[in-house]
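This report concerns only the one structure given below.
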2 protein chains.
Amino acid sequence: MKRKKIAIDMDEVMADAIGRFIELYKKEFNEDLSDLRLPGRNLQNTVPPERLEAVRQFPHRAEFFKDLDPIPGALEGIHQLHEKHDVYITTAAMEFELCFTDKFNWLKKHLPFISWKNIVFCGDKSIILADYLIDDLERNLKTFTGTPLLFTAPHNAHVEGYTRLNNWQEVTDYFLN
Amino acid sequence: MKRKKIAIDMDEVMADAIGRFIELYKKEFNEDLSDLRLPGRNLQNTVPPERLEAVRQFPHRAEFFKDLDPIPGALEGIHQLHEKHDVYITTAAMEFELCFTDKFNWLKKHLPFISWKNIVFCGDKSIILADYLIDDLERNLKTFTGTPLLFTAPHNAHVEGYTRLNNWQEVTDYFLN
């Protein structure tokens, strides 16, 4: 494969935001929300209706995105892609204005080989021009003009019509084998 | 003209960063740097060599981008474009990691009609997909796949080979007449 421009989403692709939802839910309501990791689950069908709006506000809090755990295999996988391709990090940061520094610091810490030139904080991803977009959200993939790649997350278990990559082993196999 | 996607840079197109350089230079060295506004001028050919590196670091300081003055006509012009086209703000914010909040707040204050979905903080602008890019830097325009439009700033007076828009009146005439 020739050198390609690969845009990669952050949350649920390289950073475990679901883990933070579970952690904050435990703190707030003293209950376990780890069912959110089951295929097909999302906030809507997992959180009791009376708590749903409160939980949806979690990502708007300061430090929600701070020090999120990496998704298994993501850091090594991105490093491998970076050696053969032009990797861009494209994250819909604008929805959560308190996240900028936490996301930037996460990238500096975990992916120090990614230049600031290759980081994009955006809203609507239809503005992104690349050969590939790896993302967990159909709304981002459906307007993409390159090859969209759906990275499996619990909430997208039922989404069809895209090449699906279930984990980082499948991502690196797709691009490097 | 049909509805188009217009990407617009911030510094020197809608926000007066040169004014901040002049202000900080006055504070730091008690001298006037307003020659920086003359056609053909840039930091390199205006600041004494022994101060050049210090002045180049100004944008890396906290609050350099806070409350910059709007470029004359920019706010009204962007509002007019927004009514007929899809306006995106595309700014190379990643080079200056302390600027995120200041730039975001500037946009909220001065262009409240621009959705967070239409704001992009990036590095290398070759990732931007739009019909038009209005920018003062040739390095951003030369990789753009749509129609590049050079917005006149002192430092780009000698740049040729692009459609040049000298001020916001010319921008709105270009798109709306």
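The values are calculated or read from the model by the stated rules, or taken from the named source; none is laboratory data. Fair warning: this is a prediction, and the values are worked out from it, not measured in the lab. All Cβ positions, glycine included, derive from the backbone under ideal geometry; neighbour counts span all protein chains shown. Only protein heavy atoms, including side chains, enter the accessible area calculation; ligands, DNA and RNA are left aside. Shrake-Rupley method; radii C 1.70, N 1.55, O 1.52, S 1.80 Å.
Just name the residue that is nearest to the other protein chains (Cβ to nearest Cβ) out of those in region B:80-107 that are within 23 Å of residue B:4 (Cα to Cα) and over 16 Å from the mean Cα position of the chain (by Cα).
Once the filter is applied, the top-ranked residue is B:86.
Going by the conditions given, is residue B:137 farther than 15 Å from residue A:93 by Cα, open to solvent by less than 10 Å² (accessible area, probe 1.4 Å) and under 14 Å from the mean Cα position of the chain (by Cα)?
no
Got a sec? Which of A:33, A:52, A:24, A:38 is touching a residue at least 60 places away in the same chain (Cβ under 8 Å), at negative phi and of a type outside the set (D, E, K, R)?
A:38
Output the number of residues of region B:90-100 satisfying the condition of being β-branched (Val, Ile, Thr) and surrounded by fewer than 22 Cβ atoms within 10 Å (Cβ to Cβ).
The total comes to 0.
Which of (1) assigned to a loop (DSSP other than H, G, I, E, B); (2) within 14 Å of chain B (Cβ to nearest Cβ); (3) touching a residue at least 24 places away in the same chain (Cβ under 8 Å) is the odd one out, the single condition residue A:158 does not satisfy?
Result: residue A:158 fails condition (2) only.
Regarding region B:124-132, can at least one residue be identified that is part of a loop (DSSP other than H, G, I, E, B), within 17 Å of residue A:118 (Cα to Cα) and open to solvent by 10 Å² or more (accessible area, probe 1.4 Å)?
Within region B:124-132, one or more residues are part of a loop (DSSP other than H, G, I, E, B), within 17 Å of residue A:118 (Cα to Cα) and open to solvent by 10 Å² or more (accessible area, probe 1.4 Å).
Kindly indicate the residue of region B:117-146 that is touching a Phe, Trp or Tyr at 6+ places or on another chain (Cβ under 9 Å), within 14 Å of another protein chain (Cβ to nearest Cβ) and β-branched (Val, Ile, Thr) and also farthest from residue A:5 (Cα to Cα) among those meeting that condition.
Going through the qualifying residues, I end up with B:119.
Assuming residue A:16 fulfils every condition listed in (1) in contact with a helix residue (DSSP H, G or I) (Cβ under 8 Å, 6 or more places away or on another chain); (2) touching a residue at least 40 places away in the same chain (Cβ under 8 Å) apart from one, which condition is it?
(1)
Residues that are buried (at least 17 other Cβ atoms within 10 Å of the Cβ) and assigned to a helix (DSSP H, G or I): does region A:142-152 have at least one?
no
Open to solvent by 40 Å² or more (accessible area, probe 1.4 Å), modelled with pLDDT of 95 or more and not in a strand (DSSP E or B), is that true of residue A:75?
yes
Considering only region B:101-119, state which residues are surrounded by fewer than 17 Cβ atoms within 10 Å (Cβ to Cβ) and either within 19 Å of residue A:117 (Cα to Cα) or among the β-branched types (Val, Ile, Thr) (or both).
Across region B:101-119, the qualifying residue is only B:101.
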